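The values are calculated or read from the model by the stated rules, or taken from the named source; none is laboratory data. In this text, all values refer to a predicted model and were calculated from it rather than measured experimentally. With ideal geometry, Cβ positions are generated from the backbone for all residues, glycine too; neighbour counts draw on all protein chains shown.
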Amino acid sequence: MQQQHTDGRATAFAQTYFHGTKADLALGDLIEVGFNSNYGRRIQAKYIFLSATLDAAIWGAELAFGEGRERIYVVEATGVIEDDPDLTDKKFPGNPTKSYRSTDPFRVVGEVTVWKGHPPEQVMAMKSALEKLKEQGIDSLNDV
């Protein structure tokens, strides 16, 4: 996927996207909708997610459901992506985490093997805050 200049000329530089998960994937695998979500009510996912920031992908891996090893994949969008409403204007101004969603697959093109996670107490605090929101009936905008 090539980026476009504002005047329409293609550039060799493309935006890098990341996907944080506990799934064990291989180069060329497709990440697709239709599986149970890693978050929220764990219902069949309507969307799949990626981020242009490594930090958001790290959170995705740390908060993902399951016992597998946390992984960060470099992915290529195969179709249209849009802002993730959980992390943009619906809840936060702009899109500070550069988080996006799509109904089109992402292709795994690499894996980030060296990264540093958040401190355990910060992950526990985030999980606790998400659980409190869930108890209050505040779920993901992506589940609706």
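Checked against the criterion of being loosely packed, with under 15 Cβ neighbours inside 10 Å, at positive phi and either modelled with pLDDT under 90 or aliphatic (A, V, I, L, M) (or both), the stretch 88-103 has at least one qualifying residue. When 33, 108 are checked against the criterion of being surrounded by 15 or more Cβ atoms within 10 Å (Cβ to Cβ), at pLDDT 90 or above, under 23 Å from residue 16 (Cβ atoms) and not basic (Lys, Arg), 108 stands alone in meeting it.
Each row is one residue, and each column tells you yes or no for (1) part of a strand (DSSP E or B); (2) under 16 Å from residue 24 (Cα atoms); (3) in contact (Cβ under 8 Å) with a residue 12 or more places away in the chain; (4) among the charged types (D, E, K, R).
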| residue | (1), (2), (3), (4) |
| --- | --- |
| 57 | no, yes, yes, no |
| 61 | no, yes, yes, no |
| 65 | no, yes, yes, no |
| 69 | no, yes, yes, yes |
| 80 | no, no, yes, no |
| 96 | no, no, no, no |
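In the stretch 1-26, the residues that are over 17 Å from residue 98 (Cα atoms) and of a type in the set (Asp, Glu) form Cβ pairs under 8 Å with partners that are at pLDDT 90 or above and part of a loop (DSSP other than H, G, I, E, B), at six or more places apart or across chains, as follows: 24/69.
Would you check if there is a residue in the stretch 71-78 being part of a loop (DSSP other than H, G, I, E, B), crowded, with 16+ Cβ neighbours inside 10 Å and either more than 13 Å from the chain's Cα centre (by Cα) or modelled with pLDDT of 90 or more (or both)?
Step one: list which residues in the stretch 71-78 are part of a loop (DSSP other than H, G, I, E, B), which gives 78.
Next, from what is left, pick out any that are crowded, with 16+ Cβ neighbours inside 10 Å: none.
Among the residues of the stretch 71-78, not one is part of a loop (DSSP other than H, G, I, E, B), crowded, with 16+ Cβ neighbours inside 10 Å and either more than 13 Å from the chain's Cα centre (by Cα) or modelled with pLDDT of 90 or more (or both), which makes the answer no.
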